[in-house]
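What follows is calculated from the coordinates using simple rules that are stated; it is not laboratory data. Here the structure is a predicted model, which means the values were calculated and not measured. Positions of Cβ are backbone-derived with ideal geometry, glycine not excepted, and every protein chain shown enters the neighbour counts.
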């Protein structure tokens, strides 16, 4: 037997084990013990780690209840129970169903919050935010926007519908999934598909559908969550029926009617699905290369004929105007003379100089005499 001194720091506890049996738990300070080096040993534990792990924890609980009561906080949960363990008010440990946590009481104020998982499946968003790091995958959070809604599924079964805001749910021993839907009006582009018209011409249509979700539960039940693909296929079928009953000319000339017919047929098929189809528009009509060339030639011929007709109409109008002018001039010599002077004026605009030579019947005197005669003729008439 020898005397041995052991020093335990403030943040430590020492297990004194003699012949494989726990004798005591030594607190901070210096302790002198008579012992045999081969029969007694000490285990130092850092209580700053909080959790006391290992087999000695269970031994202390079972065989030394007085020591367990003095030094340990024991948190044990049932089959459908969990616990949140806080140290000094700070989240520290999550204890799941059928688990046990041994924590040193030293240095810390321990708080335990127990949760009955059979009656509680929601978590307060603030609590989730505080415990998020500790909880990990044991909880699920989803944030839903102002124009959205969500369906909560637990183990594949729909349990509730939730509105805008933050939502958190326990996922301990269960699978939780939140499916979020956007309730604001949306636009779905329908990719080009080949359709045979009534006159057996293959065309490709691209369409745009404008829809809005009105009942998320009906959407989930009818479309199995993939509502965009559901609308996509319904509009494709409606477009085939609307285009298949028309010739190419009718398709090109009756776009508004085609849009209305596709919309109406698609709405009938979507009845009861929780989707409001507001409108379907034919965006593009794509023709095969050779058909596009022929159509261009037809359009070119039509435009040429229209241009020729317009030109003929303008020529007829111009001829009619000339005829009316000639009749007026024939009935009124003065108007005829004024037209001659107007023509002379336009002609003289391009002449830089005019010379008048005096003489009998010529020059300025002749010009003035002509003007006087115009005046006399006008008075006589």
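Quick rundown of the values:
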| quantity | calculated |
| --- | --- |
| Cβ-derived FRET efficiency at R0 51 Å, residue 141 paired with residue 196, nearest 0.05 | 0.50 |
| Base-10 log of normalised Debye intensity for region 135-222 (one unit scatterer per alpha-carbon) at q = 0.11, 0.12, 0.17, 0.21 Å⁻¹ | -0.49, -0.54, -0.79, -1.00 |
| Along each principal axis, Cα extent of region 177-314, largest first, Å | 73, 31, 22 |
| Top of 135, 341, 183 by mean-square fluctuation, Gaussian network on the chain, Cα under 10 Å | 341 |
| Packing-based ranking, highest mean first, of 117-126, 233-242, 160-169 given that Cβ atoms within 10 Å are counted | 233-242, 160-169, 117-126 |
| Pairwise label distance in nanometres, residue 341 with residue 21, each label 7 Å out on the Cα-Cβ vector | 15.0 |
| Equivalent ellipsoid semi-axes - Cα gyration tensor, the chain, angstrom | 106, 33, 18 |
| Ranked packing of 267-277, 137-147, most packed first, by mean Cβ within 10 Å | 267-277, 137-147 |
| Cα-based helix-to-principal-axis angle, 255-270 vs the chain, degrees rounded to 10 | 20 |
| Over the chain: helical MRE at 222 nm, DSSP H runs n ≥ 4 each giving -39500 (n - 2.57), nearest 500 | -13000 deg cm²/dmol |
| Length released on extending from residue 254 to residue 119, taking residue separation times 0.36 nm less the Cα-Cα span | 42.5 nm |
| Residue-span extension gain [residue 326 to residue 129] - 0.36 nm each, minus C-alpha spacing | 61.1 nm |
